[in-house]
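Only one structure is covered here, and it is reproduced in the block below.
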C-alpha cells in the first residue's frame, strides 16, 4: 500500500510532536526541519486539527501541539482519517471500477487480506512507538 505524500507529511509532523508532547510548534519550524513546503504543511495541520489529532492556536505564541498523548494515537487511525477509503486497486472502488477480471478474479481477496494486515499493524503502533527526536547538536570537546 502506498500512502499519499499528504499522509506521509502528517505522520512526520505527528512523530515530531510526539518527541516533545508538551510543546507547541510553528508550522514554519516543522516545515524547515523536514524540508516540506510551509503552505503544504499548513493544509496538513488543518486536516490534523479537524480530525482531532492536534490543537492549534493562532497569533503570537501560537502553533500546534498534540491533542492527546502520543501513546493514545495509533498510526492506523491517522492513516484512515487522512487516506479515507482510497481504493488500493480499481476493483476496491465503491462503483467496482472497470475491472474486466470480475467476478472471476482470484487476486482481490488476497489484496484485501494484505490491506487488512497492513492496517492491523498500523493499528497496533502508536505515535509513542515512532517518536522522532530532533538531532542533538554535537558538543564541543
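What follows is calculated from the coordinates using simple rules that are stated; it is not laboratory data. Keep in mind that what you see is a predicted model, and the values were worked out from it rather than measured.
Odds and ends about this structure:
- Of 123, 95, 47, the one that fluctuates the most in a GNM where the chain has Cα springs shorter than 10 Å: 95
- The range 1-40 shape via C-alpha gyration tensor axes, a/c threshold 1.5: oblate
- Cα-derived Rg over Rh, computed across the chain with Rh taken as Kirkwood radius: 1.08
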